[in-house]
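Reviewing the structure listed below.
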Amino acid sequence: MSNHDKAAIVFNSAVMALIESMGMHAENEQRRVTGASMAYVEDSFLKVITRHGLRNAHNFILEDK
């Protein structure tokens, strides 16, 4: 697999993580407006990064396999 292919995979994962995080943020904003407690805390957003395999994505692109 070429580095371009790997970069495309990471980019796709990043877009999915961004969309998920935007939904989480929107839910938190809705709850803020209504005075409810937040649905998602910092750890929730960090888990999105891990779940989408982005924590060491640069290593995946650069490794020579």
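The values are calculated or read from the model by the stated rules, or taken from the named source; none is laboratory data. Because the structure is predicted, anything quoted here is derived from the model rather than measured. Please note: Cβ atoms are built from the backbone with ideal geometry, for glycine as well, and neighbour counts cover all protein chains shown.
Comparison of 18, 54 shows that the only residue that is touching a residue at least 40 places away in the same chain (Cβ under 8 Å) and either surrounded by 10 or more Cβ atoms within 10 Å (Cβ to Cβ) or on the phi < 0 side of the Ramachandran plot (or both) is 54. Residue count for the stretch 21-51 under the criterion of being touching a residue at least 12 places away in the same chain (Cβ under 8 Å), of a type outside the set (A, V, I, L, M, F, W, C) and not in a helix (DSSP H, G or I): the result is 1.
Among the residues here, residue 44 qualifies as touching a helix residue (DSSP H, G or I) at 6+ places or on another chain (Cβ under 7 Å), surrounded by 11 or more Cβ atoms within 10 Å (Cβ to Cβ), modelled with pLDDT of 95 or more and not hydrophobic (A, V, I, L, M, F, W, C).
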